[in-house]
Amino acid sequence: MLAVAFSLLLLTPQISFAHSGEQHPPQAAQTDASQAAPEHDMGAMQPGEMTWPTAEGAGGMMMDHDARPTTMSGRIIRWLGVWHPAVIHFPIALLLTVAFLEAMAAIRRKPIYAASNKILLAVATLGAFAAAPLGWANAGLPAADDESALVLHRWIGTAIPFLIAFVWWLKKPVDEAAVRQGSRFYETVLALSVLVILAQAYLGAEVTHGAGHLAF
């Protein structure tokens, strides 16, 4: 499992390198301020409009929706990046499910509730190692004018697969977990992982929908 996970993560530098080699069509010069393109509404952006947020001339997190990769490798990378929002929901949901089952096992004093968590964490680890390279394909190389939310989301997302893999390593095998409660250290790392992944999910929504997206 770990061999497959690490091979997926190793694709990240290749994705970033291919991303940086893309050529974008030149932008027409603006001679009249009244003819400037209207600003995008972050909450009403169409799918794919955030695909290349660090592209040259995109203005940080915004991009020109008409700017498309001109090479086959670039189009493949862009297409893969579109899958990031869909793939990332699986490790998030699985980790939260593991935390819920561990809490129920502790409250009810029945370790059997959390016996299958080793399997759930294995699937979550694979999903996280798949989602991280797709996130790089979606966002591209870091740029000096990246928004702080994007910077945090990028690097926390890169670290999360290793954090979930560590939680998987700490979890006892199914036979032992069915009759004995997990260690305090495992429970602490799991709780920390839940907080980190919830913060990461918030940052991802802020990148996509804009600051204050949860305002009441």
Go through the residues of region 72-83 one by one and say whether even a single one is open to solvent by 50 Å² or more (accessible area, probe 1.4 Å), touching a Lys or Arg at 6+ places or on another chain (Cβ under 8 Å), at pLDDT below 95 and part of a helix (DSSP H, G or I). yes
Filter region 98-112 for residues that are closer than 18 Å to residue 196 by Cβ and open to solvent by 60 Å² or more (accessible area, probe 1.4 Å) and give the result. 100
Residues of region 84-100 being under 30 Å from residue 69 (Cα atoms) and either part of a helix (DSSP H, G or I) or in contact with a Cys (Cβ under 6 Å, 6 or more places away or on another chain) (or both), in sequence order, are 84, 85, 86, 87, 89, 90, 91
Which residues, counting only those in region 123-173, are open to solvent by less than 20 Å² (accessible area, probe 1.4 Å), more than 30 Å from residue 69 (Cβ to Cβ) and assigned to a helix (DSSP H, G or I)? 124, 125, 164, 165, 167
Within region 174-185, count every residue that is surrounded by 12 or more Cβ atoms within 10 Å (Cβ to Cβ) and closer than 22 Å to residue 91 by Cβ. 3
Read through the list (1) more than 13 Å from the chain's Cα centre (by Cα); (2) closer than 19 Å to residue 208 by Cβ, then give the number of the only condition that residue 73 fails. (2)
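The values are calculated or read from the model by the stated rules, or taken from the named source; none is laboratory data. Remember, predicted model here, so these are calculated numbers, not experimental data. Virtual Cβ from ideal backbone geometry, glycine too; neighbours counted across all protein chains shown. All accessible areas refer to the heavy atoms of the entire protein, side chains included, with ligands and DNA or RNA removed. Shrake-Rupley method; radii C 1.70, N 1.55, O 1.52, S 1.80 Å.
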